[in-house]
1. With respect to residue 310, determine if the residue is at pLDDT below 95, under 21 Å from residue 359 (Cβ atoms) and in the same structural domain as residue 132 (by TED's automatic domain parsing).
2. Do we find that residue 364 is surrounded by 18 or more Cβ atoms within 10 Å (Cβ to Cβ), under 21 Å from residue 112 (Cα atoms), among the hydroxyl-bearing types (Ser, Thr, Tyr) and touching a Ser or Thr at 6+ places or on another chain (Cβ under 7 Å) in this structure?
3. When you go through (1) in contact with a Ser or Thr (Cβ under 9 Å, 6 or more places away or on another chain); (2) closer than 30 Å to residue 341 by Cβ; (3) not hydrophobic (A, V, I, L, M, F, W, C); (4) not in a helix (DSSP H, G or I) one by one for residue 267, which number turns out not to apply?
4. Which ranges mark the strands (runs of 3 or more DSSP E) fully within the stretch 288-349 that have 2 or more residues being of a type in the set (Lys, Arg)?
5. Given the conditions (1) closer than 15 Å to residue 320 by Cα; (2) without any contact (Cβ under 8 Å) to a residue 40 or more places away in the chain, and given that residue 225 satisfies all but one, which numbered condition is not satisfied?
6. Pull up the stretch 337-376, narrow it to residues that are within 15 Å of residue 131 (Cα to Cα) and of a type in the set (Gly, Ala, Ser), then point me to the one that is modelled with the highest pLDDT.
7. Can you name the condition, by its number, that residue 261 falls short on among (1) modelled with pLDDT of 95 or more; (2) assigned to a loop (DSSP other than H, G, I, E, B); (3) in contact with a strand residue (DSSP E or B) (Cβ under 8 Å, 6 or more places away or on another chain); (4) of a type outside the set (Val, Ile, Thr)?
Amino acid sequence: MADNMSKITAVLVLGVMILFGAFFVFGNKKDFSENENRELAETPDLSLSDAVDGKFAKNTEKYFTDHFPFRDRFIAGSAKLSTLVSESIVNGVYVSGDRLLDVSAEERDATDKSAELINNFCKDHSSAAYFVCVPTSSGVYGDEIPPYYQKNIENRQITSLYNSLSADIRRIDAYNILKMLNENYIYYKNDNKWTTYGAYCVYKTVIQKLGFSPIPYSKYTVEHVDFDFRGNLYDITQYKDIDPDTIDIYKCLSSVKIKSCISYDNNGKRENLKLCDKERLDSAYKYDVYLGETKPYLNIKTTVNNNRKLLVIKDRFGDCFIPFLTQHYSEIAVVSPEELNVPLSSIVNVDSYEQTLFIMGINSMSNSELFELLNK
């Protein structure tokens, strides 16, 4: 009897292996995972150098990992199982009661090199510089993370960064503003970025530092344009038990209009954009509703008649922040360092802007490569 069961088990295991192998070999291979919002690995090319240094083996492993059968269902099931039998950590993301929180902050590199590059940039230009470092949702809701993870680490990282910046750069505190307001809907539950309301709360302080009075909240209408947003933390975990997020578009009731909003790629190809484009809600990443897909350079001109010009250097935290600034400047140049692969000087004349505003998430500041092209 035992021998028969062993044979049956062996046949079943072999059958499953053959079935999965057939699915892998003959199944359709996708280039892009909509659930994970990323490009999937391509078939690795075999070369002698790659085989010798182990690169081919790594690429092959990644290819199999990205394309094994029923991958999406496996990731979702694995996330659910992890929260049931372990300590609610899924691929470096902590699943709290009502939100997903990235717990990889302690793995980030130091921000000293980034600060040095930014200091050099500001020293070489006459524009008055302002810096807003934005915590992720984990920094603001760190009290929900288990005590064996370091708490308030993002606050310490931001303090260290600010201490490394030149005295000529005006530092603007976003962390404490957001921390005090964390009972409000200021961060998404499935993404580590702030909501438009979170951005507005910080805008009120930033714009005063820049020399203007903030537009009162009562002067905006808020349109809820999507109720099913799953962001970058969901992409990592595929965890479905957290409620989806709402995406809002703020429209100011003032008479200020956008005359033009033009993006440029690194080759100078231009595209007319909208500050907020609801058609982007059909894209793979709904957050693209703000400013569209990230481009290295964006130029915005408004009907504000004051000849005030602002240069903004930002990561994706700046996307829903930029529209608030348009009420105060006749021209805004927006640079996204993560997309820049040519010297900044070849795209924009920094000295033609009287003010430069850096608005960057602390998670970006550990990647000094983002800022190397600012000084060339």
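1. Details: at pLDDT below 95: no; under 21 Å from residue 359 (Cβ atoms): yes; in the same structural domain as residue 132 (by TED's automatic domain parsing): yes.
So residue 310 fails the test.
2. No, not satisfied.
3. (1)
4. 309-314
5. (2)
6. 361
7. Evaluating residue 261 over (1) modelled with pLDDT of 95 or more; (2) assigned to a loop (DSSP other than H, G, I, E, B); (3) in contact with a strand residue (DSSP E or B) (Cβ under 8 Å, 6 or more places away or on another chain); (4) of a type outside the set (Val, Ile, Thr) leaves (2) as the failure.
For (1) touching a Leu at 6+ places or on another chain (Cβ under 7 Å); (2) at pLDDT 95 or above; (3) in the same structural domain as residue 138 (by TED's automatic domain parsing), each residue gets a yes or a no:
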{"position": "173", "(1), (2), (3)": "no, yes, yes"}
{"position": "184", "(1), (2), (3)": "no, yes, yes"}
{"position": "190", "(1), (2), (3)": "yes, yes, yes"}
{"position": "200", "(1), (2), (3)": "no, yes, yes"}
{"position": "212", "(1), (2), (3)": "no, yes, yes"}
{"position": "218", "(1), (2), (3)": "no, yes, yes"}
{"position": "230", "(1), (2), (3)": "no, no, yes"}
{"position": "238", "(1), (2), (3)": "no, no, yes"}
{"position": "244", "(1), (2), (3)": "no, yes, yes"}
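The values are calculated or read from the model by the stated rules, or taken from the named source; none is laboratory data. Just so you know, these numbers come straight off a predicted model, no measurement behind them. So basically every Cβ, Gly included, is an ideal-geometry build from the backbone, and we count neighbours across all protein chains shown.
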